[in-house]
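See below for the structure under consideration.
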Amino acid sequence: MAAVARYPDCTSCEAPCCRRQFMENDDGWFKLSDIRPIYREAGTDVHVVGWAHQPDGRQPMIACDAFDAKKLQCGIYGSRPEHCRTYDCRDDDPDEWQARAHCDLERHRRLERVRSRA
């Protein structure tokens, strides 16, 4: 049986944390009115890409407008919000919903093969 590396190869990361994220802290989930000022202060904005139902309302799933999908990089890296600086998808438990299936090296290799044929 082949050993699976604990940390994936991040060179082809699609940044799901920038493109599909929920924000929360110990007090609970953030509303869009909580999120938007954080990103505007950093020099960008966000848009809603989905919603989750919570007992006390709907929680927005957001995408950061600073993420450059062509270059696969952050456009405000130097001024990015604190939660972006501390988040690391490699720490997610693979059995939890937060786990990043996108951080699958074999998946990236398949995508690279498909892109090279185009």
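The values are calculated or read from the model by the stated rules, or taken from the named source; none is laboratory data. Please read these numbers as outputs of a predicted model, since none were measured by experiment. Methodologically, a virtual Cβ is constructed for each residue, glycine included, from the backbone with ideal geometry; neighbour enumeration extends over all protein chains shown. In case anyone asks, the SASA skips ligands and DNA or RNA and just uses the protein heavy atoms, side chains included. Shrake-Rupley method; radii C 1.70, N 1.55, O 1.52, S 1.80 Å.
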Mind checking which residues of segment 43-53 are modelled with pLDDT of 95 or more and either of a type in the set (Gly, Ala, Ser) or in a loop (DSSP other than H, G, I, E, B) (or both)? GLY43, THR44, ASP45
Please go through segment 31-47 and give me each residue that is without any contact (Cβ under 8 Å) to a residue 24 or more places away in the chain and within 14 Å of CYS18 (Cβ to Cβ), ordered by number. ASP45, VAL46, HIS47
Checked segment 30-65 for anything on the phi > 0 side of the Ramachandran plot and open to solvent by 40 Å² or more (accessible area, probe 1.4 Å); matches are GLY43
Could you tell me whether segment 66-87 includes any residue that is at pLDDT 80 or above, open to solvent by less than 70 Å² (accessible area, probe 1.4 Å), closer than 19 Å to CYS18 by Cα and of a type in the set (S, T, N, Q)? yes
